[in-house]
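Reading through the structure tokens given below for one structure.
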Amino acid sequence: MTHAAGTVIVLGTGLAGLRTAETLRTQDYEGRVILVGEAKHLPYEHPALSEELLAGKRSAEQVMLRKPEFFEQEQIELVPDRRVEQLDAERCLALLDDGRELGWDALVIADALALSEELDRDS
Ligand SMILES: Cc1cc2nc3c(=O)[nH]c(=O)nc-3n(C[C@H](O)[C@H](O)[C@H](O)COP(=O)(O)OP(=O)(O)OC[C@H]3O[C@@H](n4cnc5c(N)ncnc54)[C@H](O)[C@@H]3O)c2cc1C
């Protein structure tokens, strides 16, 4: 049986989010993959940031985990600099801080527990 491929939203553009998005492609997932996060920059290596970028040993581009063209080649829609303000699980929608709503068939939360901590605080 085959299924029409749907949209996967990956929330969080850190290492976990990036690896999730690229693994979907290496495992031949053919649907839309949207990688959304509040970071302004492309996913980068944290250890290299502290140890090499700040020491001037590597450039900002060299600490990026993937170059911009990678996302285009793999058809991973990168949505940087956007905070997910709310998740509407009933309607399967992620509500962004610019008012946009992104619909998902599957959602991966790779935000280093930021949302769960917020939910804990609010309860
Ligand atoms: C300076 C530094 C040095 C480090 N050095 C090492 C090391 O040497 N060795 C090691 O093993 N680990 C190291 N780490 C830790 C390592 O970087 C983390 O374990 C790893 O990055 C975790 O990846 P992650 O994708 O789970 O989380 P993160 O990298 O934290 O990614 C989560 C992403 O989700 C985004 N996000 C959260 N909430 C929302 C929201 N509501 N809407 C949109 N986006 C959201 C955040 O902006 C973030 O970009 C270091 C970390 C730092 C900061």
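Restricting to the stretch 31-51, name every residue that is surrounded by fewer than 16 Cβ atoms within 10 Å (Cβ to Cβ) and either in contact with a strand residue (DSSP E or B) (Cβ under 7 Å, 6 or more places away or on another chain) or in contact (Cβ under 8 Å) with a residue 60 or more places away in the chain (or both).
Correct list: 31 only.
Taking the stretch 45-73, which residues are away from the ligand (no atom under 11 Å from the Cβ) and of a type in the set (Ser, Thr, Tyr)?
59, the sole residue that qualifies.
Out of (1) in contact with a strand residue (DSSP E or B) (Cβ under 6 Å, 6 or more places away or on another chain); (2) more than 9 Å from the ligand (Cβ to nearest atom), what's the single condition that is false for residue 82?
(2)
Return only the number of the condition from (1) away from the ligand (no atom under 11 Å from the Cβ); (2) in contact with a helix residue (DSSP H, G or I) (Cβ under 9 Å, 6 or more places away or on another chain); (3) more than 19 Å from residue 8 (Cα to Cα) that residue 76 does not satisfy.
(3)
If we keep just the residues of the stretch 5-40 that are charged (D, E, K, R) and not in a helix (DSSP H, G or I), which is nearest to the ligand (Cβ to nearest atom)? Reasoning before the result, please.
Kept after step one, since they are charged (D, E, K, R), are these residues of the stretch 5-40: 19, 22, 25, 28, 30, 32, 38, 40.
Adding the requirement that they be not in a helix (DSSP H, G or I) leaves 28, 30, 32, 38, 40.
Details: 28: 23, 30: 24, 32: 18, 38: 4, 40: 9 Å.
Looking at residues that are charged (D, E, K, R) and not in a helix (DSSP H, G or I), I get 38.
Values quoted throughout were computed directly from the atomic coordinates according to the rules given, and no laboratory measurement underlies them. All figures in this text were calculated on a predicted structure; none of them were measured in a lab. All Cβ positions, even for glycine, are placed from backbone atoms using ideal geometry, and neighbour counts span all protein chains on display.
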